[in-house]
Amino acid sequence: MMRISEFQTKDVVNVANGKKLGNIGDIDIDLDTGKIRSLIILGAGKVLGLFGREEAVVIPWQNIVKIGTDVILVRLHDTD
């Protein structure tokens with residue numbers, strides 16, 4: 001079993017391009033089944049955290065390749 005707080009400390013890396021996407025900011029859970037639907041990486045703050053945030057990255061559960069001790073590997077093809 002893994003706690004939500006353990007997800008938040010792991011780096012998320014896209015295996016399609018090797019880019020670090022950030023860290024988990026939120027998790028979307030199906031309340032009927034209790035299963036995770038997606039992981040959400042919050043966008044970085046603009047200008048020292050002021051004036052809003054960049055758009056969040058939503059990673060559907062089926063795009064997760066591997067959850068390791070320090071990193072979560074995902075496959076996303078439509079990111080920079």
Which residue pairs have Cβ atoms closer than 9 Å, lie 6 or more positions apart in sequence or on different chains, and pair a first residue in the range 1-17 that is β-branched (Val, Ile, Thr) and at pLDDT below 90 with a second residue that is open to solvent by 30 Å² or more (accessible area, probe 1.4 Å) and outside any loop (DSSP other than H, G, I, E, B)?
Thr9/Asn23
Val65: at pLDDT below 95, open to solvent by 60 Å² or more (accessible area, probe 1.4 Å) and assigned to a strand (DSSP E or B), yes or no?
no
Determine which member of the set Val74, Val58 is more than 17 Å from Ser5 (Cα to Cα), open to solvent by less than 40 Å² (accessible area, probe 1.4 Å) and modelled with pLDDT of 90 or more.
Val74
Within the range 9-25, how many residues are outside any strand (DSSP E or B) and over 15 Å from Ile64 (Cβ atoms)?
4
Identify the single condition in (1) out of contact with any Pro (no Cβ under 9 Å at 6 or more places or on another chain); (2) surrounded by 10 or more Cβ atoms within 10 Å (Cβ to Cβ); (3) not in a loop (DSSP other than H, G, I, E, B) that Ser38 does not satisfy, given that it satisfies every other one.
(1)
Going through (1) surrounded by 10 or more Cβ atoms within 10 Å (Cβ to Cβ); (2) at pLDDT 90 or above; (3) not in a strand (DSSP E or B) one by one, Asp28 fails only at (3)
Of all residues being open to solvent by 60 Å² or more (accessible area, probe 1.4 Å) and charged (D, E, K, R) in the range 1-21, which is farthest from the chain's Cα centre (by Cα)? Just the residue, please.
Arg3
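The values are calculated or read from the model by the stated rules, or taken from the named source; none is laboratory data. Treat the numbers as computed from the prediction; the structure is a model and nothing was measured. Note that each Cβ is placed from the backbone with ideal geometry, even for glycine, and that neighbours are counted across all protein chains shown. The area values use the complete protein model at the heavy-atom level, side chains included, leaving out ligands, DNA and RNA. Shrake-Rupley method; radii C 1.70, N 1.55, O 1.52, S 1.80 Å.
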